[in-house]
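Enquirer: Please read through the structure below; I'll follow up with questions.
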Amino acid sequence: MTIEIKSKGKFGPYGGQFVPETLMPALAELETAYEIAKADHDFQAELNHLLKTYVGRPTPLSFAKRLTAHLGGAKIYLKREDVAHTGAHKINNALGQALLAKRMGKQRIVAETGAGQHGVGSGTACALLGLKCIVYMGEVDIARQHPNVFRMQLLGTEVRPVSSGSRTLKDAINEAIRDWVTNVRTTHYLLGSALGPHPYPTMVRDFQSVIGKEARAQILEAEGRLPDLLIACVGGGSNSIGLFYPFLADEAVMMLGVEAGGSGIESGKHAARFASTNGQATIKARLGVLHGTKSFVLQTADGQIAETHSISAGLDYPSVGPEHAWLRDKGRAQYSYATDTEALAAVKLLSELEGIIPALESAHAIAEVIKRAPTMSPNNLIIVNLSGRGDKDLDVIMQELGNQT
Ligand SMILES: *Cc1c(COP(=O)(O)O)cnc(C)c1O
């Protein structure tokens, strides 16, 4: 019994529950409610019904014929989370947690958002289920993500500006947690990635695992066998763990997560937690605790949380989900990174060859496909998760690529 409590929510040395005393009862309540819901046929049936009739699942697995021919190696399949309602995978988790909150009798949802994608996902789920939604967002992010602020407001969500710290995502998470502590009886904190204190990393992974479950069945149907390699971008780690998890027991399936290399590791302007654990990087990731969980955290030499940089707001976070750290230690998954420049080139290539404009986050995964596929045999299969569509990034993409086209 003691061992169970000690290892609760741990992935090897990572994960756990590092929160103020006042939040422990809320985490325990959430954990119990989730365990009951997970085993409850009615809850699962209701969620699956909404995923099918509202989100539009299953999302397709598309063979990227022209990209495959262009790169001249492994056969490439795209898992199309870009066509899910609201344009990204985040809705899978937002809907799952909102449904759970409703079941718990919580009428008020707080969430954090960086670029606004998780805020839009949460606002959407709350509008659908009739819940009050408050989204904390850094002032810097509000200024640079205006369309998503309007989207949230249209959905009836209250967007609360955060003016502390660097006025970006990590400060918004701090404020959302503060709100939760204060209003815990009426409020659920809808966390947007496979991060935070237990049970969030496990619960978010489970809600996103629909991606990998579908992809596994779809590739078996299309090719009669499992893929050789899975590739996905890693911000907090939810779309990647959602794709990877249902394949974990299939030992021959390799898994590769792609972080944001920003302007390059040497520049110190990046969000590559794993790639910067060794070597000469000025901004390095070391073991640390951020937002209730133990994992790799990008820090300055004196242990302050480092400012991160990526062209894609969704990958711009100083820590990484604890299960990824554990999969990496065990050698079950590998991690690499793509730079801003490589991601932009991938946006252009996928748009021209497949008629799909990917989100800048997803373009990091495509950039890795561009490097890997040509080194593999035409008998090999790659599934790459297209976590979202690029509409939200058009301004940035136009600014960066506009004068080249
Ligand atoms: C938020 C986001 C990501 C990164 O988050 P994960 O939790 O790592 O999946 C990736 N792609 C898109 C489109 C996003 O909106």
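Enquirer: Projected onto the charge dipole of the chain (+1 at Lys/Arg Cβ, -1 at Asp/Glu Cβ, origin at the Cα centre), which of 374, 402, 166 gives the Cα projection farthest towards the positive end?
Expert: 374
Enquirer: For the stretch 1-109, what % of the accessible area comes from carbon and sulfur atoms, probe 1.4 Å?
Expert: Solvent-exposed carbon and sulfur of the stretch 1-109 make up 57 percent of the total.
Enquirer: Given contacts defined as C-alpha pairs under 8 Å and at least six residues apart, what's the relative contact order of the stretch 174-300, whole-number percent?
Expert: Reported as a whole number, the value is 19 percent.
Enquirer: Output the direction-averaged projected area (hull surface divided by four) of the convex hull of the alpha-carbon atoms of the chain, in nm².
Expert: Here the figure is 19.1 nm², rounded to one decimal.
Enquirer: Ok, one more. What number, in percent, do you get for the relative contact order of the chain if the mean sequence gap of Cα pairs under 8 Å and at least 6 apart is divided by its residue count?
Expert: Working: 875 pairs, mean separation 80.7, N = 405.
Once divided by the residue count of the chain, the mean separation gives 20 percent.
Enquirer: Work out the charge dipole of the stretch 144-301 with +1 on the Cβ of Lys and Arg and -1 on the Cβ of Asp and Glu about the Cα centre, then indicate which of 148, 209, 245 is farthest towards its positive end.
Expert: Projecting each Cα onto the dipole axis, the largest value belongs to 148.
Enquirer: Determine the per residue accessible area of the stretch 320-405 with all protein chains present and a 1.4 angstrom probe, expressed in square angstrom.
Expert: Per-residue accessible area for the stretch 320-405 comes out at 41 Å².
Enquirer: At most 11 other Cβ atoms within 10 Å and a DSSP loop assignment: could you name the trypsin sites (Lys or Arg not before Pro) in the stretch 275-380 that fit?
Expert: Those satisfying the criteria are 330.
Enquirer: Mind listing which GluC sites (Glu not before Pro) in the stretch 241-323 are in a DSSP loop and have 11 or fewer other Cβ atoms within 10 Å?
Expert: 251
Enquirer: Still on this structure, please answer the following. Please give the charge dipole size of the stretch 164-222, origin at the Cα centre, charges +1 on K and R Cβ atoms and -1 on D and E Cβ atoms. Round to the nearest 20 debye. Please list the in-between numbers first.
Expert: On the way: 7 positive and 6 negative charges, 28 e Å.
Dipole magnitude for the stretch 164-222 comes out near 140 debye.
Enquirer: Right, something else. Counting C-alpha atoms alone, how compact is the stretch 292-405: give Rg to one decimal and Dmax as a whole number, in angstrom.
Expert: For the stretch 292-405, the Cα radius of gyration and maximum Cα-Cα distance read 16.1, 49 Å.
Enquirer: Please give the net charge around residue 322, taking every other residue with its beta carbon less than 12 angstrom from that of residue 322, where Lys and Arg add +1 and Asp and Glu add -1. Show your work: numbers first, answer last.
Expert: Values: positive: 10, 205, 273, 294, 328; negative: 323, 329.
Summing Lys and Arg as +1 and Asp and Glu as -1 gives +3.
Enquirer: Write down the accessible area per residue of the stretch 63-108 in Å², having rolled a 1.4 Å probe over the full set of protein chains.
Expert: 32
Enquirer: Let me know the charge dipole size of the stretch 78-132 about its Cα centre in debye, to the nearest 20, where only the beta-carbon of Lys, Arg (+1) and Asp, Glu (-1) is charged.
Expert: Around 260 debye, computed over the stretch 78-132.
Enquirer: Taking 0.36 nm per residue of separation and subtracting the Cα-Cα distance, what length does fully extending residue 301 through residue 351 add?
Expert: So the chain would gain 14.0 nm between residue 301 and residue 351.
Enquirer: Helix 90-103: angle to the longest alpha-carbon principal axis of the chain, degrees 0 to 90, nearest 10?
Expert: 20
Enquirer: For residue 174 and residue 21, what does the FRET efficiency come to when R0 = 22 Å and r is the distance between their Cβ atoms, rounded to the nearest 0.05?
Expert: Given R0 = 22 Å and the Cβ-Cβ separation, E is 0.80.
Enquirer: Something else now. For the chain, what is the mean residue ellipticity at 222 nm derived from helices alone (per DSSP H run of n ≥ 4: -39500 (n - 2.57); sum divided by total residues; nearest 500 deg cm²/dmol)?
Expert: Here the helix-only value at 222 nm equals -12500 deg cm²/dmol.
Enquirer: Shifting gears a bit: Please report the orientation-averaged projected area of the stretch 24-120, defined via the convex hull of its C-alpha atoms, in nm².
Expert: Numbers: hull surface 35.5 nm².
Its Cα hull, projected and averaged over all orientations, spans 8.9 nm².
Enquirer: Need the C-alpha centroid separation for the stretch 144-174 versus the stretch 17-42, integer Å.
Expert: If we compute the Cα centre of each part, the gap is 26 Å.
Enquirer: Return the subset of 79/392; 90/269; 52/90; 8/38 for which the Cα-Cα distance in this structure is over 23 Å, preserving the input order.
Expert: Flagged as over cut-off: 90/269.
Enquirer: If the only charges are +1 at each Lys and Arg Cβ and -1 at each Asp and Glu Cβ, what is the size of the charge dipole of the chain around the Cα centre, to the nearest 20 debye? Write out the running numbers ahead of the final one.
Expert: Numbers: 41 positive and 41 negative charges, 84 e Å.
I would put it at about 400 debye.
Enquirer: Restricting the calculation to Cα positions, tell me the Rg (one decimal) and the Dmax (whole number) of the stretch 223-271 in Å.
Expert: Reported Rg and Dmax, both Å: 13.7, 45.
Enquirer: Shifting gears a bit: Once you have a ≥ b ≥ c as the square roots of the Cα gyration tensor eigenvalues for the stretch 75-230, tell me rounded if a/c is under 1.5, and otherwise prolate or oblate according to whether a/b is larger than b/c.
Expert: Prolate is the answer for the stretch 75-230, as a/c is 1.5 or above and a/b outweighs b/c.
The values are calculated or read from the model by the stated rules, or taken from the named source; none is laboratory data. These numbers come from a predicted model, not from an experiment. Every residue, glycine among them, receives a Cβ derived from its backbone with ideal geometry; neighbour counts consider all protein chains shown. With ligands, DNA and RNA removed, areas are computed over all heavy atoms of the protein, side chains included. Shrake-Rupley method; radii C 1.70, N 1.55, O 1.52, S 1.80 Å.
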